[in-house]
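Student: Pasting a structure below so you can have a look.
The values are calculated or read from the model by the stated rules, or taken from the named source; none is laboratory data. Treat the numbers as computed from the prediction; the structure is a model and nothing was measured. Methodologically, a virtual Cβ is constructed for each residue, glycine included, from the backbone with ideal geometry; neighbour enumeration extends over all protein chains shown. Surface areas here come from the heavy atoms of the whole protein model, side chains and all, with no ligands, DNA or RNA. Shrake-Rupley method; radii C 1.70, N 1.55, O 1.52, S 1.80 Å.
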Amino acid sequence: MQTGIVFDIQHNSFVDGPGIRTSVFMKGCNLHCSWCHNPESQRFAPELMVFQNKCTHCGKCEKICPHHQSECDLCGSCADYCPNDARKICGAEYTSEAIMEEIRKDRIFYSASGGGVTFSGGECMLQLDFLRELLMLCRHEHIHTAIDTAGNVPYADLESVLPWTDLILYDIKVMDPNTHKQHTGSSNREILRNLEKLLKADVSIWIRMPVIPGVNDSDDEIKQLAEFLTRNGIPDKIELLPYHRMGEHKYQATGRKIPVFEIPADEKMAHLNQLLQSLLGNRKEVSGI
């Protein structure tokens, strides 16, 4: 039985694929997007999050800590005893069966809504053996599966999970290679090469692109995306997702610098959606959330 590091399990999700879904978020990522809304997902190991806005400085965490907070071994005592939930250990090791127990709790919703399970992150593909076993277990129990990936892995890894994956949510961050490198720390060459191969494979794909003002919200970016898809294949669905600030408190809790980006205007989102739709000749669904 495989084990992996998971930092969140969300039940009754409506945004990570079709229908009502259970979303399993695995820890660790090999991209470091400037706008990441789950910064706690980036490191592979568990970490302590401290929410200062909840802290009343009662001192219980220091008293219960075996090291009196001179160091942290992630024992979780401070989080267990905090009366205000101001401390949280983010990330824990799970067996595949423990994850399946959580997934089975929502089975009643899957068949009625056309939903299922989405494995996300971080980058779920970086815990490949764990992910593959979970996908196989879900397939055995006739549960619809989706993986949410940025595709920054060897194509052989992606190919190895295709037999048990019903849907791929493929994240395209930026089309321009220099801008992609600047804002994620990595080239997008392998990402686009892998997408090109997946578009020719027998798999359902939704492309999701976050819209970040000043980074990838230009008409030229959308034209580059449309040209790539016209040349290589059109996915089942394309979602342009407006940047939001709902993850800012997580930056504070993990001691990271809060990113400074504007939220795109509704008019801008409507324009980009209409532009992409027209460039693709209305051949596939384009939507903004």
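Student: Counting just the residues of the stretch 124-155 that are open to solvent by less than 10 Å² (accessible area, probe 1.4 Å) and in a strand (DSSP E or B), which one comes out farthest from C36 (Cα to Cα)?
Tutor: T145
Here's the yes/no breakdown for (1) in contact with a Cys (Cβ under 9 Å, 6 or more places away or on another chain); (2) open to solvent by 80 Å² or more (accessible area, probe 1.4 Å):
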{"position": "K60", "(1), (2)": "yes, yes"}
{"position": "I64", "(1), (2)": "yes, no"}
{"position": "L74", "(1), (2)": "no, no"}
{"position": "C82", "(1), (2)": "yes, no"}
{"position": "D85", "(1), (2)": "no, yes"}
{"position": "Y110", "(1), (2)": "no, no"}
{"position": "G122", "(1), (2)": "yes, no"}
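Student: Here's another thing I want to ask about it. Taking the conditions exactly as written (of a type in the set (D, E), under 14 Å from the mean Cα position of the chain (by Cα), open to solvent by less than 50 Å² (accessible area, probe 1.4 Å) and under 18 Å from G122 (Cβ atoms)), does D16 satisfy them or not?
Tutor: Details: of a type in the set (D, E): yes; under 14 Å from the mean Cα position of the chain (by Cα): yes; open to solvent by less than 50 Å² (accessible area, probe 1.4 Å): yes; under 18 Å from G122 (Cβ atoms): yes.
So D16 passes the test.
Student: Suppose we keep only residues that are at pLDDT 95 or above and of a type in the set (K, R) within the stretch 188-213. Which one would you say is surrounded by the most Cβ atoms within 10 Å (Cβ to Cβ)?
Tutor: As a first pass, look at the stretch 188-213 and keep what is at pLDDT 95 or above: 188-199, 204-213.
Filter once more, keeping what is of a type in the set (K, R): 189, 193, 197, 208.
Numbers: R189: 12, R193: 13, K197: 15, R208: 20.
Filtering the stretch 188-213 for residues that are at pLDDT 95 or above and of a type in the set (K, R), the one surrounded by the most Cβ atoms within 10 Å (Cβ to Cβ) comes out as R208.
Student: What's the number of the condition F51 fails, among (1) surrounded by 12 or more Cβ atoms within 10 Å (Cβ to Cβ); (2) in contact (Cβ under 8 Å) with a residue 40 or more places away in the chain; (3) closer than 23 Å to Q127 by Cβ?
Tutor: Condition not satisfied by F51: (3).
Student: Here's a follow-up. Looking at (1) open to solvent by less than 50 Å² (accessible area, probe 1.4 Å); (2) in a loop (DSSP other than H, G, I, E, B); (3) among the polar types (S, T, N, Q); (4) modelled with pLDDT under 95, find the lone condition where N216 falls short.
Tutor: (4)
Student: Taking R21 and the conditions (1) open to solvent by 20 Å² or more (accessible area, probe 1.4 Å); (2) farther than 22 Å from K250 by Cα; (3) basic (K, R), which numbered condition does it fall short on, given that it satisfies the others?
Tutor: The single condition R21 does not satisfy is (1).
Student: Taking only pairs six or more apart or across chains, which ones have beta-carbon atoms under 9 Å, a first residue in the stretch 1-26 that is without any contact (Cβ under 8 Å) to a residue 12 or more places away in the chain, and a second residue that is assigned to a strand (DSSP E or B) and open to solvent by less than 40 Å² (accessible area, probe 1.4 Å)?
Tutor: F14/R21
Student: Kindly indicate whether any position in the stretch 238-260 is in contact with an Asp or Glu (Cβ under 9 Å, 6 or more places away or on another chain), hydroxyl-bearing (S, T, Y) and within 20 Å of Y155 (Cβ to Cβ).
Tutor: Checking the stretch 238-260: not a single residue is in contact with an Asp or Glu (Cβ under 9 Å, 6 or more places away or on another chain), hydroxyl-bearing (S, T, Y) and within 20 Å of Y155 (Cβ to Cβ).
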